[in-house]
Structure formats: structure tokens, C-alpha cells
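First the structure, in the form of C-alpha cells, and then the observations on it.
The values are calculated or read from the model by the stated rules, or taken from the named source; none is laboratory data. This one's a predicted model, so the numbers in the text were calculated from it and none came from an experiment. As a convention, Cβ positions derive from the backbone with ideal geometry for all residues, glycine included, and neighbour counts pool all protein chains shown. These area figures cover heavy atoms from the full protein model, side chains too; ligands, DNA and RNA do not enter into them. Shrake-Rupley method; radii C 1.70, N 1.55, O 1.52, S 1.80 Å.
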Amino acid sequence: MKYFIILGALIFLACPKEEAVAKQTSAEQTPINLPEPIETKVSVEECLRTRRSIRSFTDDTLSTAQIATLLWSAQGITEETRGFRTAPSAGATFPLEAYLFTHNGVYVYNPSGHILNKVKDGDLRGDLCAAANNQAWVKAAPVSVVLCAVPERTSKRYGDRTMRYIYMEAGHAAQNIHLQAVALELGSVPVGAFDDDALSRLLGLHETEPETVPLYIIPVGKPVQ
């Protein structure tokens with residue numbers, strides 16, 4: 001009798017954990033296919049001339065096509081054979097990872113296949129705002145792109161120059177996003193002030209192998225006129 005009581009208790013304790021793991025795995029592995037990027041008719045010169053940091057956004061959500069275009073501009077694959085992307089990368093080591101915060105959850109962009117994978121459920125824009133020293137526009141923006149890097153991908157080739165090259169690449173990708181936002185009649189703002197550890201915990205970066213580090217937050221939305 002004692003054996004059955006203990007066995008029943010173990011099953012009771014194990015079931016919720018197994019269910020939670022199953023839900024998390026399902027959320028992480030269900031891909032969202034993104035549409036092809038929008039081809040705008042705005043010139044690069046016009047985008048460069050009119051780009052400004054925008055910190056006031058309307059409540060309008062972004063369309064899936066707009067989100068797809070922003071992410072593609074940051075890290076989209078433009079040459080299938082060798083996997084070259086929209087932003088230059090030292091030695092084509094591609095250390096960057098682009099995360100997306102929306103009212104529906106947090107996603108990571110997979111350039112191969114042009115898809116999104118959900119990594120967390122729920123609206124965590126308020127938590128992102130808190131990690132960014134409570135800059136209100138981080139919470140107000142309908143989406144924020146967070147650029148992170150996996151230094152090991154680049155350090156295998158470039159050693160102690162790794163972070164220099166990664167910072168350059170993050171700048172390339174971020175500028176692509178800012179200019180693409182202008183072409184889509186959206187606004188964006190560069191955010192570099194945030195608590196590294198808080199943002200890493202929010203994204204679960206401390207749990208990843210190899211180490212992933214946060215670099216840049218880019219809130220994007222429709223500007224208040």
C-alpha cells in the first residue's frame with residue numbers, strides 16, 4: 001500500500017512539469033511563415049534624408065508584412081547558395097540573432113526559411129521597458145526588435161577582434177531597420193541604454209549555449225503626427 005501511495009505522489013508531481021515542458025517546446029518549435037518583404041518605391045536617399053528618431057507612436061499594430069520586411073532588412077538572406085544577408089558580416093560568420101517583442105509574445109527570427117519562432121507567450125513589452133531603464137517609448141511601440149549576438153560564431157575565426165566586428169555588424173543591421181522603417185512610413189528609435197542582465201534574463205539568454213549577449217533595442221511603430 002505504501003508503495004502505491006509513493007508512486008501516486010511521484011506521478012502527481014511529475015505531470016505538471018511534463019505538461020509545462022510540452023507546452024514550452026510546442027511554442028518554441030511551431031514556426032510562423034512570414035510573407036515576402038514589401039518592395040517600397042521610396043529611394044535610399046529619401047530614407048536617409050528623412051530618418052529621425054521617433055519616440056511617440058500611435059496604438060496601431062504593425063501588419064505581418066511590415067514585420068517581415070523589417071526583420072528581412074536586418075538579417076534576411078539575399079544569396080541562397082552562400083547564405084549572404086542584407087547586412088555585411090565579418091567572414092560571413094553571422095553572429096546576430098534578432099528577437100521581436102509584440103503584444104502576443106516574444107519571437108526569434110530565423111533567416112533560413114524567413115520564419116519566426118515563438119520563445120515566450122504574453123505581452124512582455126512592459127518588462128522590456130523596465131529592462132531599458134523605463135524608457136516609455138519601448139513599452140509604447142507596437143513592436144521592438146532586439147539584436148543579440150553569439151560571439152563564439154565569430155571568435156573562432158577572429159579571436160580578440162570579435163566584439164569589434166560584432167558591434168559593426170549590429171550597427172549595419174540596425175541602420176537597415178531604421179531606413180526600412182522610413183520606407184514603410186513607420187518610425188523607429190535606437191535604444192542602447194538597458195540593463196544587460198535584466199534583458200538577458202527576460203530573453204532567457206543565460207540559459208543558452210553558447211553564450212548570447214544583448215546589444216541593441218529598436219522600438220518601431222507608426223509615428224504620432
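Miscellaneous remarks
- Single condition Glu209 does not satisfy, out of (1) touching a Ser or Thr at 6+ places or on another chain (Cβ under 8 Å); (2) charged (D, E, K, R); (3) over 25 Å from Arg55 (Cβ atoms); (4) open to solvent by 10 Å² or more (accessible area, probe 1.4 Å): (1)
- The set of residues from segment 212-225 being touching a residue at least 40 places away in the same chain (Cβ under 8 Å), open to solvent by 30 Å² or more (accessible area, probe 1.4 Å) and not in a strand (DSSP E or B) comprises Lys222, Val224.
- Of everything in segment 181-207 that is part of a loop (DSSP other than H, G, I, E, B) and without any contact (Cβ under 8 Å) to a residue 40 or more places away in the chain, the residue that is nearest to Val42 (Cα to Cα) is Glu185.
- Enumeration of residues in segment 105-124 that are loosely packed, with under 12 Cβ neighbours inside 10 Å and either without any contact (Cβ under 8 Å) to a residue 24 or more places away in the chain or in contact with a strand residue (DSSP E or B) (Cβ under 6 Å, 6 or more places away or on another chain) (or both): Gly122
- The set of residues in segment 43-95 that are small (Gly, Ala, Ser) and modelled with pLDDT under 95 contains only Gly83.
- Leading residue by the ranking (surrounded by the fewest Cβ atoms within 10 Å (Cβ to Cβ)) among those in segment 72-98 that are among the small types (Gly, Ala, Ser), touching a strand residue (DSSP E or B) at 6+ places or on another chain (Cβ under 8 Å) and part of a helix (DSSP H, G or I): Ala92
- Residues in segment 46-71 that are without any contact (Cβ under 8 Å) to a residue 60 or more places away in the chain and under 19 Å from the mean Cα position of the chain (by Cα) were compared, and the one that is least open to solvent (accessible area, probe 1.4 Å) is Ala68.
- Filter pass, Thr40 being in a loop (DSSP other than H, G, I, E, B), within 16 Å of Glu185 (Cβ to Cβ), more than 13 Å from the chain's Cα centre (by Cα) and modelled with pLDDT of 95 or more: yes
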